[in-house]
Structure formats: structure tokens, C-alpha cells
1. Among the numbered criteria (1) modelled with pLDDT under 75; (2) hydrophobic (A, V, I, L, M, F, W, C); (3) under 10 Å from the mean Cα position of the chain (by Cα), which one does I99 miss?
2. Please work out which residue is surrounded by the fewest Cβ atoms within 10 Å (Cβ to Cβ), limiting yourself to the stretch 24-52 and to residues that are at pLDDT 85 or above and among the hydroxyl-bearing types (S, T, Y).
3. In the stretch 5-23, what count of residues is obtained for those that are over 13 Å from the mean Cα position of the chain (by Cα) and either surrounded by 13 or more Cβ atoms within 10 Å (Cβ to Cβ) or within 16 Å of R54 (Cβ to Cβ) (or both)?
4. Being within 12 Å of V68 (Cα to Cα) and assigned to a helix (DSSP H, G or I) is the filter here, so list the residues in the stretch 38-58 that pass it.
5. Are any residues in the stretch 33-59 over 19 Å from D21 (Cβ atoms) and without any contact (Cβ under 8 Å) to a residue 60 or more places away in the chain, and if so, which ones?
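The values are calculated or read from the model by the stated rules, or taken from the named source; none is laboratory data. Quantities reported herein were computed from a predicted structural model and do not represent experimental measurements. Cβ sites come from the backbone with ideal geometry, for glycine too, and all protein chains shown count toward neighbours.
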Amino acid sequence: MLNKGLYGMLRDEGCAVDISDSPAQAVQQIMKNTYKAVIIDSHAFGMPAEDAARVIKTVMPDIRVILVGFPDYGADAMSIRVPADLEAVRSVVHDLHQIGAISYI
């Protein structure tokens, strides 16, 4: 439900959205495409979300990483706790609206 809700909400905000099946696939997409931000679900399968965030920030230090379902992660990533309120996510996205492209994992 979070995935479907975020996708529609981000599209409505005017963002270009790509969806990955796993954090590892998202890392591969980031190597091939340009993104301003990536949203990682803490309950993703495969590579742990915090490892994906660390790899993404190492490869692309300027990309914004938003972790959904994490307590405060640190200075390199924004965190949204669960249960994720779509309005809270909308607020974060609205603040980042000028970025142009967001990848949701």
C-alpha cells in the first residue's frame, strides 16, 4: 500500500518516479540514471536498506536519501518513521519538490 500510495503522490507532485524491486536493484539504477533523491523502504528484501543508503551516498554523495520506517539514521539520510503517514511523506517531498526526479525503492 505504501508503494502504491507513494507512487501516485509523487506523480501528483510532478516528480519523475522509477520503482525498484530491491535496494540492490536501486543501486544499479542509480549507477545508470541521474536522480536527485531516493526513497528506501526499511522493509525491502535483499540488501538491508541502511547498507543501500551507505552505498548510494558513497557513489553519489549529492543524492538525497529518505529512509521510510527508520528512526533517525544520521546526517546522510532523512528518516520517516512507521507507520508512514503519506502526509508526512508528502511534506518531505514538497520540501524537495524542486529536485525533479525521485526513485522509490
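1. It is condition (3) that I99 fails.
2. T34
3. Residues in the stretch 5-23 being over 13 Å from the mean Cα position of the chain (by Cα) and either surrounded by 13 or more Cβ atoms within 10 Å (Cβ to Cβ) or within 16 Å of R54 (Cβ to Cβ) (or both): 3 in total.
4. Within the stretch 38-58, A49, E50, A53 meet the criteria.
5. R54, K57, T58, V59
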